[in-house]
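Below is one structure, written out as structure tokens, with a few remarks after it.
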Amino acid sequence: MNITKTNAWNALLQHRERLQHVHLRQLFAEDTQRFSHFSAQLDGLLIDYSKQRVDRGCMVSLIDLARAADVEAWRDRMFAGEKINVSEDRAVLHTALRHMDATPFPCNEQDVMPQVRAVRRQMRDIVERVRSGLWRGFKGDAIQNVVNIGIGGSDLGPKMATRALSAFAHPHINFYYVSNLDSAHLSPLLEKLDPRTTLFIVASKTFTTQETSINAQTARTWLMAAAMEEWAIAKHFIAVSANTAKAAEFGIPPENVLQMWDWVGGRYSLWSAVGLSVALSIGMNGFERMLQGAQAMDQHFRDSPLEQNLPVLMALISIWNTNFLGAETTAILPYNESIRHLPAFLQQLEMESNGKTVGRDGEALACPANPIVWGEIGVNGQHAFFQLLHQGGWLIPCDFLVAASSDHPLPGHQAPLLSNCLAQSAALAFGKTEQQAREELQQSGMSAEQIARLLPHKVFAGNQPSTTILLPALDPFQLGMLIALYEHKVFVQGVIWGLNSFDQWGVELGKQLASRLLPAIMGQSEADAQLDQSTRGLIDYFRRHGHV
Ligand code: F6P
């Protein structure tokens, strides 16, 4: 089905004709209830999309678009455990991982919950022993350092969540995340850690990812240099993987291997045992509270009408900005320090899921799909790239995120933080007209000549759309809701664009080429004659200058 040929798409083209020259100033002037008309809440999480360039008519057509794409049916197929990941012939059941009720999921015949609950029990046991000091290292010491070795979904989710929930962290255990192949990531860490008190989690769905394998091997060698005995592996290594055979080959005993399944995508795996480091940090009850938050969003997504459905609204706004207003990028701007890794997490979630030009039917998509996602801590961005957001002339929709209360309060910080967040979205939306700028300069006592010179620089076009997401506090439940909100948003967008959000074939070519180049870089073979001139020239440089 070609979404661009639907009546809803055509209606949206007409809304674009009407709205593309309408300023947010006008939209707010015309509707004094705009905030209440264009905001929604779930269990304290508030989404304000009144500063998006939509009106009621446009929203009605966007909802029609979701219906035309059969979003409700696709949603039901996902929750029913159908194999909607067609190119990998897999179900998509990360929602089972946060199913906290004592009922089957997705259905009686295909109930995955017994396995899910068994792993949760195994996690709880490990978490309680490590946190209480009962888990001992090879010399009998309690664990003080946990190092998660993983990459992509096996790194970004747990790293983001551990940091986000740092206010709930165990006071005496430190957490580290190693992903980069560059030894500069692992080496300085090993220098400062004590093998007797360090626990490694090797998180890899496939257990074949090169970066993770190499880092895990190095960590193993480092441990063995101190412990000297193979049995020490059992005291210092845990694996999380769908490939338990490979984890066993690495030498990790079965009781330390936590299972995941092919129906959990890497970037959706935080809710599985990939979240073990999070659970070790905040405790298993805290981790399950995060699962409950995600489950609350799942239930809302599954049961609410499209018109009031938060992930659906977020998806539609993004489609409006991308496919109708022409935005090519979107910025994620968290104001809480603790969610500083959210932009990186969402980059993978959005761009690995929907960064595609081919539909699930193998045909070229009829319209562009995911925009480029980027972002940074909001206040830091204000003193760096916000200049371009305000006056650079690009259309860059932004998501502003902030919690009403601080998770690490200090007197005098929270109110200025909140005011900066709100000020930026208002400045981007409403800008400053020439008239306003002129009056300001006149009031400051400038001469007419000075005003004429400065005036063009003092005008802000505004009309830059944004959504503001507010949380009452950064706690496990709210974080769970927030992440599930974005997950379902990504899913809805994928359905409307007609693509499969759950495969990632685009990452394969680089992996293949890297293994073809390795022997030449190591000097074990001549550079492949089939290689392009540039790559051969670069290999030649490494051979002359590198120490591999
Ligand atoms: O190469 C991309 C990717 O497969 C991601 O989808 C995944 O999150 C990451 O690599 C890590 O994979 P694994 O958990 O199998 O090591």
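Every read-out reported here was derived from the displayed coordinates using simple, explicitly stated rules and does not represent laboratory data. As the structure is a computational prediction, the values presented were derived from the model and not from experiment. Reconstructed Cβ throughout: ideal geometry from the backbone, glycine too, with neighbour counts over all protein chains shown.
Alpha carbon centre of segment 281-332 versus segment 495-546: separation in Å?
Value for the Cα centre distance between the two parts: 36 Å.
Counting only DSSP beta bridges with both residues in the chain, what percent are antiparallel, rounded to the nearest 5?
Approximately 25 percent, going by the DSSP bridge assignments.
Against the longest principal axis of the chain, how steep is helix 113-132, in degrees 0 to 90 to the nearest 10, with axes from Cα atoms?
On a 0 to 90 degree scale, this one is about 80.
Mind checking the angle between helix 56-68 and the chain's longest principal axis? C-alpha axes, 0 to 90 degrees, to the nearest 10.
40 degrees
If one takes the longest principal axis of the Cα atoms in the chain, at what angle in degrees, from 0 to 90 and to the nearest 10, does the Cα axis of helix 448-458 lie?
It is inclined by approximately 40 degrees.
Can I get the semi-axes of segment 83-127's equivalent ellipsoid? Compute them from the C-alpha gyration tensor as square roots of 5 times the eigenvalues, in angstrom, largest first.
After diagonalising the Cα gyration tensor, the semi-axes are 22, 13, 8 Å.
Based on C-alpha coordinates, I'd like the Rg and Dmax of segment 410-537, in Å.
For segment 410-537, the Cα radius of gyration and maximum Cα-Cα distance read 27.0, 74 Å.
Taking the chain, how many lysine pairs are there with alpha carbons less than 20 Å apart, if each pair must be eight or more places apart or span two chains?
Within the chain, the lysine pair count is 18.
Which distance in Å, rounded to a whole number, links the C-alpha centroids of segment 191-221 and segment 421-453?
Each part's Cα centre sits 55 Å from the other's.
Give the separation of the Cα centroids, segment 250-275 to segment 94-120, in Å.
15 Å
With the alpha-carbon atoms as the only input, what is the per residue convex hull volume for the chain in Å³?
Hull volume normalised by residue count: 196 Å³.
Over 10 Å intervals from 0, what percent of Cα-Cα pairs in segment 65-217 sits in each interval?
Computed distribution, short to long bins: 9, 27, 32, 20, 10, 2, 0.
Give me D for segment 506-545 in µm² s⁻¹, whole number, from Stokes-Einstein with Rh from the Kirkwood sum over alpha-carbon pairs, 20 °C and 1.002 mPa s.
Numbers: Rh = 10.5 Å.
Result for D is 205 µm²/s.
Only bridges whose two residues both fall in segment 94-289 count here: according to DSSP, what percent of them are antiparallel, nearest 5?
Antiparallel: roughly 5 percent of the beta bridges in segment 94-289.
What do you get for Rg/Rh of segment 300-365 when both radii come from the Cα atoms and Rh is the Kirkwood radius?
On the way: Rg = 14.5 Å, Rh = 14.2 Å.
Rounded to two decimals, Rg/Rh equals 1.02.
Given only helices, namely DSSP H runs of n ≥ 4 each adding -39500 (n - 2.57), what is the per-residue ellipticity at 222 nm of the chain, to the nearest 500 deg cm²/dmol?
-14000 deg cm²/dmol
Sort 337-350, 10-23, 85-98 by the packing proxy (mean of other Cβ within 10 Å over each peptide's residues), most packed first.
Per-residue Cβ counts within 10 Å, averaged per peptide and sorted highest first, yield 337-350, 85-98, 10-23.
Quick one: compute the contact order of the chain, relative version, from alpha carbon pairs under 8 angstrom and 6+ residues apart, as a percent.
19 percent
Local charge sum around residue 42 (other residues, Cβ-Cβ under 12 Å, Lys/Arg +1, Asp/Glu -1)? Numbers along the way, then the final one.
Values: positive: none; negative: 43, 298, 303.
Around residue 42, the charge tally is -3.
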